[in-house]
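A quick write-up on the structure given underneath.
The values are calculated or read from the model by the stated rules, or taken from the named source; none is laboratory data. Computed from a prediction, not measured in an experiment: that's the story for all the values here. All Cβ positions, even for glycine, are placed from backbone atoms using ideal geometry, and neighbour counts span all protein chains on display.
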């Protein structure tokens, strides 16, 4: 069920999150704010700092994994525009834009605009406060960027939304599913999200996935997942084979499924040990893609 748009470029799908007040939002750790803190943003609070310190104690690389993921996001957008001519992006689980804006870790809007001026971006997050930030940061961008409040577990509603349908009608779409599926702890639900997205996408499209794993450093990542669980943020680590299966049956670019920091040769953290990534990355392309590509060299 949806409500009327409340501001230009924004639309809200009603969820129970609407019962949250700002005080409640700031009283416990929040995944979007933990990411913001790791990226040097300013929209985070003491509960986030406490959990971040706990994460650092058990998994010293956890913050660097967040930064590696952010750089991967930027490089992937550039790859999809260059290799596939994609000019529309659906950012699932977008999170907070970093304020002040960061050139080191640019948000999806900035990365898309830098890669291909005039690109369209639709960002989805379940948190209404995140949505308010997204709308503020996209204001004045000529209506090219939109945001939706929705839970990815209701992926069919997301894909049926007019903003998302308009994105599809404009051409191939790059779907960014970056560090969000670990928060969907049910394996069947996570697989259903990817299957629905792939079924919906037009030829020429691509899906980029990053997903936390325990395989690169089992002890640290298991401890980090436990910290998040205790903070009210259940977090499901998945092995490489399962990450690969989430992208199947679409063909993968030649890099396959590898640690996030090793996917793009141009990644500035590519020389760090693999466990700093804390996650795997892979890009799957529509079987009927419009232009052939072998992926990163």
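Could you list all residues from the stretch 254-268 that are crowded, with 18+ Cβ neighbours inside 10 Å and either more than 19 Å from the chain's Cα centre (by Cα) or closer than 28 Å to residue 29 by Cα (or both)?
In the first step, residues of the stretch 254-268 are kept if they are crowded, with 18+ Cβ neighbours inside 10 Å; the result is 257, 259-264, 267.
Hits for the stretch 254-268 are 259, 260, 261.
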### Task
Quick one: count up the residues across the stretch 110-123 that are buried (at least 19 other Cβ atoms within 10 Å of the Cβ) and within 10 Å of residue 74 (Cα to Cα).
4
### Task
Test residue 272 against the criterion of being within 25 Å of residue 171 (Cβ to Cβ), modelled with pLDDT under 95 and more than 20 Å from the chain's Cα centre (by Cα), and give yes or no.
no
### Selection count, the stretch 185-213, where residues are farther than 26 Å from residue 83 by Cα and surrounded by fewer than 20 Cβ atoms within 10 Å (Cβ to Cβ)
7
### Message
Looking at 251, 259, 218, 203, can you tell me which residue is in contact (Cβ under 8 Å) with a residue 12 or more places away in the chain and farther than 27 Å from residue 165 by Cβ?
### Response
259
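Give the residue that is surrounded by the most Cβ atoms within 10 Å (Cβ to Cβ), with candidates limited to residues of the stretch 148-167 that are free of Cβ contacts under 8 Å to residues at least 60 places away in the same chain and more than 24 Å from residue 69 (Cα to Cα). Step through it out loud before you land on a result.
Step one: list which residues in the stretch 148-167 are free of Cβ contacts under 8 Å to residues at least 60 places away in the same chain, which gives 153, 155-156, 159-160, 165-166.
This time we only want the ones that are more than 24 Å from residue 69 (Cα to Cα), so: 156, 159-160, 165-166.
Values: 156: 12, 159: 19, 160: 12, 165: 13, 166: 13.
Filtering first and then ranking leaves 159.
Just checking, how many residues over the stretch 85-109 are surrounded by fewer than 21 Cβ atoms within 10 Å (Cβ to Cβ) and within 16 Å of residue 207 (Cα to Cα)?
Pass one, the stretch 85-109, residues surrounded by fewer than 21 Cβ atoms within 10 Å (Cβ to Cβ): 85, 99-104, 106.
So of that shortlist, the ones also within 16 Å of residue 207 (Cα to Cα) come out as 85.
Selection size over the stretch 85-109: 1.
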### Query
Hey, any hits in the stretch 149-165 for a residue that's more than 13 Å from the chain's Cα centre (by Cα) and at pLDDT below 90?
yes
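Go over the candidates 228, 216 one by one and state the one that is buried (at least 21 other Cβ atoms within 10 Å of the Cβ), closer than 20 Å to residue 181 by Cα and more than 19 Å from the chain's Cα centre (by Cα). Let's see the steps before the verdict.
Numbers: 228 fails: more than 19 Å from the chain's Cα centre (by Cα).
Of 228, 216, the one residue that is buried (at least 21 other Cβ atoms within 10 Å of the Cβ), closer than 20 Å to residue 181 by Cα and more than 19 Å from the chain's Cα centre (by Cα) is 216.
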### Query
Applying the selection to the stretch 231-253, what residues are surrounded by fewer than 21 Cβ atoms within 10 Å (Cβ to Cβ), at pLDDT 95 or above and more than 27 Å from residue 47 (Cβ to Cβ)?
239, 240, 241, 242, 244, 245, 250, 251, 252, 253
